[in-house]
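We did not get these values from a lab; they are worked out from the coordinates using the rules stated. Every value quoted in this text rests on a predicted model; they were computed, and no experiment measured them. FYI the Cβ positions are ideal-geometry reconstructions off the backbone, even for glycines, and counts take in every protein chain you see.
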Amino acid sequence: MTPNGSLSNGIRLGLGKHMTADKTIKRAAGRPREFDKNTALKAALLLFWRQGYEGASIAQLTQAMKITAPSLYAAFGSKEQLYREVLELYMTAYLEPMARALGKPGSARDAVREMLMAAAMQFSRRGWPRGCLVANGALRCGQENQFAAQTTAAMRRMSQDAIRQRIGQAVIDGELAADTDTAALAAFYASVVQGMSVQAVDGATREQLIKLGQLAMAAWA
């Protein structure tokens, strides 16, 4: 969520490090894929979003994606690789509005406010699961699934770093005082976004989420 798109690029690079090895698993030569990969990937995204990484079993994934287990492994290599591709799709299809808002020209205050409003809209969007997959999807995992918790934690850190960069630019531009604690302010607004996600899962309305974002702006110096 930065003006130059470093969040999106950073996540792609981070996921890419893990994807290279898995992509060595190839489909048998001449064997046609019997499903649309993008449609299946979106179905997997929705299931992971609703149930979390550990809560979505291979049986549930194949049922949601309308494919067989052999087809899933042939196309994605593993459940881990599928989850990484889901996160990349989620970043592109769902987090981009917040990234655009944070990168909006003008004051950093307006950009952060627009980011919070975008979060309120996205977390309460009709036809989608409530909240945020990155915020809620893999907070805690068993030892064998630590990669899922670590990957989403890294995405949350990159989001917070993007907010800090925007606030840091506000200090450089003279919008904020030179002694502004940019790390603490960025952590605060990142926490607000994550809290809004939890509130949305718990049933908060769009209007309530917007109000939370508006109240959070009172902390701006």
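Brief remarks follow.
- Shape class of segment 147-221 from the alpha-carbon gyration tensor: oblate, with a/c at 1.5 or above and b/c at least as large as a/b.
- Between segment 47-84 and segment 162-212, the Cα center-to-center distance that results, in Å: 33
- For the pair GLN169 and SER191, a Förster radius of 25 Å applied to the C-beta separation gives a FRET efficiency near 0.75, rounded to the nearest 0.05.
- Straight-line cross-link partners of LYS104 among the aspartates and glutamates, defined as a Cα under 20 Å from its Cα and at least 8 positions apart when in the same chain: GLU96, GLU114, ASP161, ASP173, GLU175.
- Quotient of the Cα radius of gyration of segment 167-210 and 2.2 N^0.38 Å, N being its number of residues: 1.53.
- Cβ-based net charge around ALA204, under 11 Å, with every Lys or Arg adding one and every Asp or Glu removing one: +1
- Electrostatic tally near GLN160: other residues with Cβ closer than 15 Å to its Cβ, Lys and Arg +1, Asp and Glu -1, net +2.
- Relative to its Kirkwood radius, the Cα radius of gyration of segment 73-221 gives an Rg/Rh of 1.01.
- Shape call, segment 83-162: gyration tensor on alpha carbons, a/c limit 1.5: prolate
- Mean sequence separation of contacting Cα pairs (under 8 Å, at least six apart), scaled by the length of segment 98-216, corresponds to a relative contact order of 33 percent.
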